[in-house]
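The values are calculated or read from the model by the stated rules, or taken from the named source; none is laboratory data. Treat the numbers as computed from the prediction; the structure is a model and nothing was measured. Here the Cβ is made from the backbone with ideal geometry for all residues, glycine too, and neighbour counts use every protein chain on show.
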Amino acid sequence: MPPALAPVSLNESPTCALRIGVVGHRPPKFLEDKAPQIRTAVCEILTFARAFSQDLVKPDQGYAQRPPILRIVSSLAEGSDRLVAEEGLKLVFKLHCPLPAFRDDYRQDFAPSSAEKFDELLNRAEAVFELPGQRAGKWLEPAAYEAAGRMTLAASDMLIAIWDGEPGERAGTGQMVHEAQQAGIPTVTINSENPAQIVFLSPTTGSPASWRDALHAALTTALQPPASMRGRVAEFVNESVTVPAGDDPIAAQRDHADWIAGRYADLYRRAYKAVYALAPLAVLCAVAGLWLLINKSDAVPEWLFPLLELLCILAILLVTRLGRRGRWHERWLDARVLAEQFRTWAFLAPIAQTPPTSRLPPYVSTKATQGDWTGWYFRSRVREQRPRSAKLTPEYLAEYQRQLLDVIQGQARHHATKGEGRKRTYERMEVATLIFFGSTALACGFHLVWPLATLGALTAALPAIGAAFEGLQAQGEYQRLSERAEGMCHFFASIQSRLPEPKVRQLTYTDLAQLAHEVSGVMLDELSDWRNLVRVRILHPV
């Protein structure tokens with residue numbers, strides 16, 4: 001199963017892209033005598049959207065300085081779908097076609113002259129994705145049209161609906177408009193009986209509004225990054241990364257983010273381990289200095305241990321300052337979030353699916369979420385990516401089933417290894433903590449009987465070392481992360497039981513898509529929970 005995707009430039013900001021889906025009536029509900037007026041309305045909307053996108057590629061807007069990518073997403077049914085596709089091609093939009101069935105089968109829906117027009121438009125498409133829809137007599141089953149409609153919505157940033165406003169039947173325009181509203185997709189409707197009536201439907205309330213102003217506001221929210229985020233995007237793409245470029249652009253972006261996350265995670269962990277090591281060392285130096293004063297020893301200068309203590313404190317402050325100024329902790333989390341989103345996208349892309357954006361839980365403070373640029377960046381990379389062309393034959397689905405099984409088994413091994421490592425680390429640190437606090441108790445008991453300066457020094461130094469081990473355990477959250485890894489292993493085991501080898505039982509496209517989304521959803525939920533847990537673990541002097 002080849003990637004069949006165009007490469008992206010990892011050292012530049014994303015290219016601005018706008019994907020416009022279309023749903024609408026077919027004949028006879030699509031009135032041919034209204035077609036010229038509908039074309040005028042469609043052209044007006046597309047011209048407005050194109051001008052908006054061109055404004056976004058001006059300097060300092062967050063996007064790469066190149067022309068925007070404009071796409072029409074259309075299933076090329078007669079009537080509305082084709083009309084919007086034709087007008088889009090005239091305005092130099094690209095064409096992406098999710099088909100409800102294999103093209104030869106879908107072609108049977110049309111009369112010979114209409115089928116020729118279908119072929120002509122399909123040959124001009126940038127990408128064609130053929131779903132395995134089945135027929136129920138003369139027409140395809142409603143589930144086939146429903147699947148193509150939902151794929152259109154999933155691949156769209158805004159929707160044009162040519163519609164009479166009636167609810168209609170299953171997989172009809174009314175259902176797709178309703179689902180677009182539920183998904184928060186800005187929707188502009190053209191009344192199929194009175195094309196001069198163009199209405200914007202709010203994704204939140206569904207209420208009509210002045211379409212130009214409302215669409216401008218909705219697209220600004222969806223596409224334009226706030227000024228405060230643009231510096232973070234530039235910082236990320238300008239990172240010097242030593243990862244070989246591959247043929248798969250999604251995997252390349254995952255590896256790019258993975259490398260950055262690993263780099264800053266390593267810096268952050270070394271920093272907090274240094275802080276927890278230097279803190280008890282400073283205490284030891286202070287105790288050693290007092291011991292010299294009490295015992296009046298001339299073996300070493302009196303100023304040596306106070307100087308070493310001062311150097312330890314200065315080193316702690318320096319490491320903390322470097323880590324916070326370089327934002328090692330924040331850059332680690334941001335890159336890890338992106339890497340995991342690209343990881344889930346990589347196994348959803350072969351079936352033309354996209355994972356939702358990872359977000360912090362709703363109970364997290366607004367201040368913590370306002371600076372989150374990763375969602376915008378990920379969505380921008382998804383939008384700019386050339387869609388995949390594929391025909392979901394039984395052989396294609398069998399190969400995808402094997403790939404999905406490999407992903408799940410790999411994730412299970414990953415979490416098992418991580419979980420075992422964290423569990424061992426937690427247990428060792430707990431033992432070390434008990435040893436040092438137990439030794440403190442013994443030293444205190446002996447000191448009560450023999451009030452020696454050495455024993456007094458031990459009662460001060462040993463608990464400092466024990467506290468350092470406990471602090472390291474708390475900072476690393478080893479116990480909690482170990483338990484989470486165990487839970488993820490149980491989840492992947494349950495998924496494996498429902499995903500056999502294709503030679504045992506081949507699943508349908510619908511079943512595979514459902515399982516893939518379930519896996520990606522749990523992976524992103526775990527990511528969100530981990531992110532919320534670790535985000536407060538910033539570097540502190542102690």
Notebook entry, point to check: Do you know which residues across the range 66-94 are surrounded by fewer than 23 Cβ atoms within 10 Å (Cβ to Cβ), within 27 Å of the chain's Cα centre (by Cα) and without any contact (Cβ under 8 Å) to a residue 60 or more places away in the chain?
Noted result: ARG66, PRO67, PRO68, LEU70, LYS94
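In the list ARG413, ARG428, ARG424, which residue meets the criterion of being over 23 Å from ALA493 (Cβ atoms), of a type in the set (Lys, Arg), without any contact (Cβ under 8 Å) to a residue 60 or more places away in the chain and in the same structural domain as GLU470 (by TED's automatic domain parsing)? Walk me through how you get there before you give the answer.
Details: ARG413 fails: over 23 Å from ALA493 (Cβ atoms); ARG424 fails: over 23 Å from ALA493 (Cβ atoms).
Matching residue, one of ARG413, ARG428, ARG424: ARG428.
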Item checked: Among (1) modelled with pLDDT of 90 or more; (2) more than 15 Å from ALA335 (Cα to Cα); (3) surrounded by 17 or more Cβ atoms within 10 Å (Cβ to Cβ) - the single one ALA257 does not satisfy -> (2)
Check: What tally of residues in the range 289-321 results from selecting those that are farther than 30 Å from LEU267 by Cβ and not aromatic (Phe, Trp, Tyr)?
Finding: 15
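Going by what's in this entry, would GLU518 be described as assigned to a helix (DSSP H, G or I), at pLDDT 85 or above and within 30 Å of LYS391 (Cβ to Cβ)?
On the way: assigned to a helix (DSSP H, G or I): yes; at pLDDT 85 or above: yes; within 30 Å of LYS391 (Cβ to Cβ): yes.
Considered against the rule, which asks whether it is assigned to a helix (DSSP H, G or I), at pLDDT 85 or above and within 30 Å of LYS391 (Cβ to Cβ), GLU518 comes out as yes.
Is there a residue being in contact with a Ser or Thr (Cβ under 6 Å, 6 or more places away or on another chain), surrounded by 18 or more Cβ atoms within 10 Å (Cβ to Cβ) and either free of Cβ contacts under 8 Å to residues at least 40 places away in the same chain or in a helix (DSSP H, G or I) (or both) anywhere in the range 477-496?
Just the residues of the range 477-496 that are in contact with a Ser or Thr (Cβ under 6 Å, 6 or more places away or on another chain), to begin with: 478.
This time we only want the ones that are surrounded by 18 or more Cβ atoms within 10 Å (Cβ to Cβ), so: 478.
Now narrow it down to the ones that are either free of Cβ contacts under 8 Å to residues at least 40 places away in the same chain or in a helix (DSSP H, G or I) (or both): 478.
Looking for residues that are in contact with a Ser or Thr (Cβ under 6 Å, 6 or more places away or on another chain), surrounded by 18 or more Cβ atoms within 10 Å (Cβ to Cβ) and either free of Cβ contacts under 8 Å to residues at least 40 places away in the same chain or in a helix (DSSP H, G or I) (or both), one finds at least one in the range 477-496, hence yes.
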Margin query: Need the failing condition index for PHE110 against (1) aromatic (Phe, Trp, Tyr); (2) in contact with a strand residue (DSSP E or B) (Cβ under 6 Å, 6 or more places away or on another chain); (3) free of Cβ contacts under 8 Å to residues at least 40 places away in the same chain, just the number.
Written below: (2)
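For residues that are buried (at least 19 other Cβ atoms within 10 Å of the Cβ) and within 24 Å of the chain's Cα centre (by Cα), scanning just the range 409-444, find the one that is farthest from ILE351 (Cα to Cα). Please lay out each step first, then the result.
Residues of the range 409-444 buried (at least 19 other Cβ atoms within 10 Å of the Cβ): 411, 415, 419, 422, 426, 429, 433, 436, 440, 443.
Checking which are within 24 Å of the chain's Cα centre (by Cα) leaves us with 411, 415, 419.
Working: GLN411: 20, HIS415: 25, GLY419: 31 Å.
Selected residue: GLY419.
Restrict the check to the range 311-330 and report whether at least one residue is within 17 Å of the chain's Cα centre (by Cα) and surrounded by 13 or more Cβ atoms within 10 Å (Cβ to Cβ).
As a first pass, look at the range 311-330 and keep what is within 17 Å of the chain's Cα centre (by Cα): 330.
Adding the requirement that they be surrounded by 13 or more Cβ atoms within 10 Å (Cβ to Cβ) leaves 330.
Scanning the range 311-330, I find at least one residue that is within 17 Å of the chain's Cα centre (by Cα) and surrounded by 13 or more Cβ atoms within 10 Å (Cβ to Cβ), so the answer is yes.
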Next item on the list: Tell me, yes or no, whether the range 47-63 has at least one residue that is at positive phi, in contact (Cβ under 8 Å) with a residue 40 or more places away in the chain and surrounded by fewer than 17 Cβ atoms within 10 Å (Cβ to Cβ).
Entry: yes
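Kindly indicate the residue of the range 182-202 that is under 30 Å from the mean Cα position of the chain (by Cα) and surrounded by fewer than 18 Cβ atoms within 10 Å (Cβ to Cβ) and also modelled with the lowest pLDDT among those meeting that condition. Explain how you work it out, then say what you get.
We begin by selecting, within the range 182-202, every residue under 30 Å from the mean Cα position of the chain (by Cα); these are 182-188, 200-202.
Now narrow it down to the ones that are surrounded by fewer than 18 Cβ atoms within 10 Å (Cβ to Cβ): 182-184, 202.
On the way: GLN182: 91, ALA183: 90, GLY184: 90, SER202: 75.
Only one residue fits best here, namely SER202.
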Next item on the list: Taking the residues in the range 54-76 that are small (Gly, Ala, Ser) and modelled with pLDDT of 95 or more as candidates, determine which candidate is nearest to LEU99 (Cα to Cα).
Entry: SER75
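May I ask you to verify whether THR459 is within 20 Å of LEU290 (Cβ to Cβ), in contact (Cβ under 8 Å) with a residue 60 or more places away in the chain and either part of a helix (DSSP H, G or I) or not charged (D, E, K, R) (or both)? Give the steps one after another, and end with the answer.
Working: within 20 Å of LEU290 (Cβ to Cβ): yes; in contact (Cβ under 8 Å) with a residue 60 or more places away in the chain: no; either part of a helix (DSSP H, G or I) or not charged (D, E, K, R) (or both): yes.
When the stated conditions are applied, THR459 does not pass them.
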Notebook entry, point to check: Would you pick out the residues in the range 482-513 that are under 22 Å from ARG150 (Cβ atoms) and among the small types (Gly, Ala, Ser)?
Noted result: ALA513
